[in-house]
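Notes follow the structure.
The values are calculated or read from the model by the stated rules, or taken from the named source; none is laboratory data. Values in this document were obtained by computation on a predicted structure and should not be read as measured data. With ideal geometry, Cβ positions are generated from the backbone for all residues, glycine too; neighbour counts draw on all protein chains shown.
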Amino acid sequence: MSVSILVGSQWGDEGKGKIVDILSEKYDIVVRFQGGANAGHTIQINDKQTILHLIPSGILRDNVACVIGNGVVIDPNALLDEIKLLEESGISMKGRLFISHNAHLIMPYHKLLDSISEKGKQKIGTTGRGIGPCYIDKYARKGIRIVDLLNKTELEKKIRSNIEEKNNILSKLYDHEKLNVQEIVDEYLKFDEAIDQYITDVPHYLHTEMAKGKSILLEGAQGTLLDIDHGTYPFVTSSSPTSGGACTGSGIPPTKIDSVIGIVKAYTTRVGNGPFPTELFDDDGENLRKWGAEFGATTGRPRRCGWFDAFMLKFSTMINGIDEAAVTKIDVLSGLDEIKVCIGYELNGKSLKSYPTDAKKLEMVKPVYKTLKGWKKDISEINDYNDLPQETKDYLKFISEFCGFRIRFVSVGPKRKQTMEI
Ligand code: GDP
Ligand code: IMO
Ligand code: MG
């Protein structure tokens, strides 16, 4: 039996979906523990691409059970769309999908408030999926949870009372028209019928399965630098994508965790606003976007691209306790003569000892680079680590030693077979 946590080590989109799909061959259960439909996890099997937003990336393997844990915020429409899409391609959810009683529901007013707040002074560049406002209600103890769907009278009362409050905010603060209460009540009452069969006491289920010796993979969404506590605040998401969040978001205690796997993209990308010290504005940046097809899996926005930031990764390794890493998209670097890696930051001529999480400071730092030789060869068909060019191995060795993790997987393309285990 083993329990592992898989986390994004940068600003999201590291290739978590692909690696969860590979790993889930060896796990019985995959659990999402935070975030919501702001995530876009891509899995490519042969020529068919599937993008998952809420359902764990283990769903494409018939014998894997998939759990949406209490830490996730669920948009009913996004969930139903995803179930429909998967079922249309022959993937059955029956007896394999488990949704926590305690997960919170994204309501139409959350999405509305998300988009309204993005029009204000502080523009985070959110995905517009209502994530922040939903977590606000959760922590204000006003949220509506999956368990509330089971008591229709109470559910209606809660929805009415929340909409009354939101309508006040919308009309008085934002001069926005009021929401139609009845429409929303009707919509959510119906939602229960569609998902009733999946609603589960998740901690009880997971602990029972662990006692039987079943193995569990906890699938993080977003990435470490988007963490509400440890990320580049305020340019972060509203949950805890770091390994600590996996325990609170699932009900599995820290004493049951065997390993933490970090997904590490061989360069850096970011979607949305906020500091990005190694961002490139030249042809190299444009080429990384083009060669890496760096466009958001959820919003389609072009991703900002830059050099690998090993200084940031050292911080990420420390916060998550990453034991082993999967380095993804290293094939994207193949066209470069030289590759830069950031090994430290300078601020006002002084080198920084630790990673600054103050966004203003991070905007001002100057990255210090080490230049490594490129390999200028197509490596996307290589399936044995020993056959990689020496320069690729040198690059991997350098980042592994600098950041302090063992590299277990190297990914050289989006498909399952474009992965080597070392
Ligand atoms: P996630 O959010 O971490 O699951 O990552 P995304 O799915 O948003 O973005 C990763 C993108 O890179 C997807 O389009 C994947 O199909 C693709 N991808 C994953 N691994 C590799 C790789 O090793 N090489 C290349 N070229 N593409 C990859
Ligand atoms: P996956 O799981 C990349 C970013 C948004 C924005 C910030 C806050 O696919 O790696 P939110 O909608 O969460 O309030 O937006 O976080 N963001 C992501 N960036 N990958 C993601 O998920 C992201 N989910 C949120 O772009 O900057
Ligand atoms: Mg993504």
**Fill in**
Only unsatisfied item for residue 307, checking (1) more than 16 Å from ligand 3 (Cβ to nearest atom); (2) at positive phi, is (2)
**Message:** Given (1) within 30 Å of residue 216 (Cβ to Cβ); (2) in contact (Cβ under 8 Å) with a residue 60 or more places away in the chain; (3) touching a Leu at 6+ places or on another chain (Cβ under 9 Å), identify the lone condition not met by residue 75.
**Reply:** (2)
**Request:** Kindly list, by first and then second residue, each pair from a residue in region 333-359 that is more than 23 Å from residue 376 (Cα to Cα) to a residue that is polar (S, T, N, Q) and outside any helix (DSSP H, G or I), limited to pairs with Cβ atoms under 8 Å and residues at least 6 apart or on different chains.
**Result:** 344/351; 345/351; 357/232; 359/232
**Asked** When you go through 148, 75 one by one, which is the residue that is of a type in the set (Asp, Glu) and touching a helix residue (DSSP H, G or I) at 6+ places or on another chain (Cβ under 6 Å)?
**Response** 148
**Message:** Looking for something among the hydroxyl-bearing types (Ser, Thr, Tyr), part of a loop (DSSP other than H, G, I, E, B) and surrounded by 12 or more Cβ atoms within 10 Å (Cβ to Cβ) - is there at least one such residue anywhere in region 373-388?
**Reply:** yes
**Qualifying positions in region 76-95 - crowded, with 19+ Cβ neighbours inside 10 Å and touching an Asp or Glu at 6+ places or on another chain (Cβ under 9 Å)** = 76
**Message:** Restricting to region 15-59, name every residue that is within 12 Å of ligand 1 (Cβ to nearest atom), within 26 Å of residue 253 (Cβ to Cβ), part of a loop (DSSP other than H, G, I, E, B) and not hydroxyl-bearing (Ser, Thr, Tyr).
**Reply:** 39, 56
**Asked** Taking region 305-328, which residues are within 17 Å of the chain's Cα centre (by Cα) and either assigned to a helix (DSSP H, G or I) or polar (S, T, N, Q) (or both)?
**Response** 313, 316, 317, 319, 320, 328
**Request:** Tell me, yes or no, whether region 113-136 has at least one residue that is over 30 Å from residue 275 (Cβ atoms), surrounded by 13 or more Cβ atoms within 10 Å (Cβ to Cβ) and touching a Phe, Trp or Tyr at 6+ places or on another chain (Cβ under 9 Å).
**Result:** no
**Asked** Restricting to region 298-321, what's the tally of residues that are over 23 Å from residue 347 (Cβ atoms) and surrounded by fewer than 20 Cβ atoms within 10 Å (Cβ to Cβ)?
**Response** 6
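If you take just the helices (runs of 4 or more DSSP H) that sit entirely in region 167-261, which of them hold at least 2 residues that are more than 19 Å from the chain's Cα centre (by Cα) and either in the same structural domain as residue 58 (by TED's automatic domain parsing) or closer than 19 Å to residue 145 by Cα (or both)?
Per the criteria, 181-195, 202-211.
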**Check on residue 285, free of Cβ contacts under 8 Å to residues at least 40 places away in the same chain and either in the same structural domain as residue 124 (by TED's automatic domain parsing) or assigned to a helix (DSSP H, G or I) (or both)** = yes
